[in-house]
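Right, one structure below, let's go through it.
The values are calculated or read from the model by the stated rules, or taken from the named source; none is laboratory data. Keep in mind that this is a model prediction, so the values were computed, not measured. When we count neighbours, we look across all protein chains shown, and the Cβ atoms used for this are built from the backbone with ideal geometry, even at glycine. Accessible surface is based on the protein model in full, side chains and every heavy atom, while ligands, DNA and RNA are left aside. Shrake-Rupley method; radii C 1.70, N 1.55, O 1.52, S 1.80 Å.
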Amino acid sequence: MEALWFWIIALMIVVYVILDGFDLGIGVIYFLITKNDSERSLLLKTIAHVWDGNEVWLLAGGGVLFLAFPAVYAASFSGFYLPLMIVLWLLMLRGGGIELRHYVHHPLWRKFWDRTFSVSSLLLAIFLGAALGNVVRGVPLTREGYFFEPLWTTFTVVPEAGILDWFTVMMGLVALATLTLHGAVYVSMKTTGEIQARARTIGQWVWWIALFMSVDMFIATWTIHPDLWANYAEHAGGFILPVGGVAGILATYIAIVRKKDTAAFCFSTLYIISMLAATAFAVYPNLLLASTQKEYSLTIYNSAARSYGLGAALYWWIPGILLAALYFTYLFRTFRGKVQPSEE
């Protein structure tokens, strides 16, 4: 039952990254592919019907973590208190940037909220990637299962490292490049004309950055945590996940060059799914690795709720996730196709 809930949480995180990932990517390239206010309005129209719903998956993932592994929830939300507050403020500012720009028809007002939306999206992508980097690198857990991390210490990977070091910053940049690519192919899928052409061009350039950063990240992870590959040595079938990631990112570039926009978005999605799943497979059964002593790590066994609670919760989670899946299917089918310019 504990293993099932581990993969349920992994699934919800993957869904969040895929759905909110193209929102963040659009924010990053917001000023790169638009030249005037009408084009920026059109770009926001591509996500206007889904952006707030996409964020629900992040909240739902946190709720499921609290339900299934309360010890990990307690340790994470106390140890990562500062970055969590930063992420919450960035989420609020990004929402304000999308919604409030339309309330006052003044260039200064719109420029302020447009820049707020773009900068907060960029920082969110980096911070979410750095958060994953902390999970992979490990945190200074104590025997009691708690920790505290300052924003940074020596900026090197040491047992008492801060939230930001060269490894977690690199992971943040990988996330930034990946989500920027994801946003670019989404824009090219949803638009036509000059904006679509610019999105394709940016997608081709960012693809090389994403590929280079991903290779660097693979080497860095191998260097600081060679033991993470133990699961792959024991279960060779797990190699299908990184292989799927390689196939996904290569196919994304081919689809962009051939102007197959829907295929490019699907392959970008495959890349994200495969690489996140490969990471989850590598750290399993750990949920929060300890950089101090290995036995202090929080695993699915020493941090899970009681079996009865996990079993009872499953009966509620299944209909809940089915309703959410039906709603999002209806939502994306209703707003499928290209967006068209229109007066506000």
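When we screen 252, 292 for residues that are of a type in the set (Val, Ile, Thr) and assigned to a helix (DSSP H, G or I), the only hit is 252.
Of all residues in region 103-127, those satisfying the criterion of being in a helix (DSSP H, G or I), of a type in the set (A, V, I, L, M, F, W, C), farther than 15 Å from residue 175 by Cβ and open to solvent by less than 80 Å² (accessible area, probe 1.4 Å) are 113, 117. Of the set (1) open to solvent by 20 Å² or more (accessible area, probe 1.4 Å); (2) over 20 Å from residue 153 (Cα atoms); (3) part of a helix (DSSP H, G or I); (4) touching a residue at least 40 places away in the same chain (Cβ under 8 Å), all apply to residue 48 but (3).
Yes/no matrix, rows are residues, columns are (1) more than 21 Å from residue 213 (Cα to Cα); (2) open to solvent by less than 20 Å² (accessible area, probe 1.4 Å); (3) assigned to a helix (DSSP H, G or I):
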| site | (1), (2), (3) |
| --- | --- |
| 247 | no, no, yes |
| 273 | no, no, yes |
| 282 | no, yes, yes |
| 287 | yes, no, no |
| 305 | yes, no, no |
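Annotation note: of 173, 141, 91, the sole residue that is within 21 Å of residue 214 (Cα to Cα) and surrounded by 14 or more Cβ atoms within 10 Å (Cβ to Cβ) is 173. Considered as a group, the residues in region 217-229 that are at pLDDT 90 or above and open to solvent by less than 60 Å² (accessible area, probe 1.4 Å) include one that is nearest to residue 137 (Cα to Cα), and that residue is 221.
Taken as a whole, the structure leaves residue 67 outside the set of residues that are in contact with a Lys or Arg (Cβ under 9 Å, 6 or more places away or on another chain), touching a residue at least 24 places away in the same chain (Cβ under 8 Å) and within 30 Å of residue 146 (Cβ to Cβ). Filter region 124-142 down to the residues that are among the β-branched types (Val, Ile, Thr) and over 14 Å from the mean Cα position of the chain (by Cα), then identify the one that is farthest from residue 16 (Cα to Cα). Only one residue fits best here, namely 142.
Say we look at region 256-266 and pick out the residues that are free of Cβ contacts under 8 Å to residues at least 40 places away in the same chain and assigned to a helix (DSSP H, G or I); which of these is most open to solvent (accessible area, probe 1.4 Å)? Once the filter is applied, the top-ranked residue is 266. If I filter region 179-194 for residues that are assigned to a loop (DSSP other than H, G, I, E, B), touching a residue at least 60 places away in the same chain (Cβ under 8 Å) and under 26 Å from residue 265 (Cα atoms), do I get at least one hit? Yes; the residues of region 179-194 include at least one that is assigned to a loop (DSSP other than H, G, I, E, B), touching a residue at least 60 places away in the same chain (Cβ under 8 Å) and under 26 Å from residue 265 (Cα atoms). Considering 26, 33, 98, 8, the condition of being open to solvent by less than 20 Å² (accessible area, probe 1.4 Å), part of a loop (DSSP other than H, G, I, E, B), of a type in the set (Val, Ile, Thr) and in contact with a helix residue (DSSP H, G or I) (Cβ under 9 Å, 6 or more places away or on another chain) is satisfied by 33 alone. Among the residues of region 318-336, those that are open to solvent by less than 50 Å² (accessible area, probe 1.4 Å) and in contact (Cβ under 8 Å) with a residue 40 or more places away in the chain comprise 324, 328, 331. Any residue at all in region 189-212 that is closer than 30 Å to residue 81 by Cα, small (Gly, Ala, Ser), under 21 Å from the mean Cα position of the chain (by Cα) and open to solvent by less than 50 Å² (accessible area, probe 1.4 Å)? Within region 189-212 (the criterion being closer than 30 Å to residue 81 by Cα, small (Gly, Ala, Ser), under 21 Å from the mean Cα position of the chain (by Cα) and open to solvent by less than 50 Å² (accessible area, probe 1.4 Å)), the answer is yes, since at least one residue qualifies. Screening residue 155 with (1) surrounded by fewer than 21 Cβ atoms within 10 Å (Cβ to Cβ); (2) in contact with a Gly (Cβ under 7 Å, 6 or more places away or on another chain) gives one miss only, at (2).
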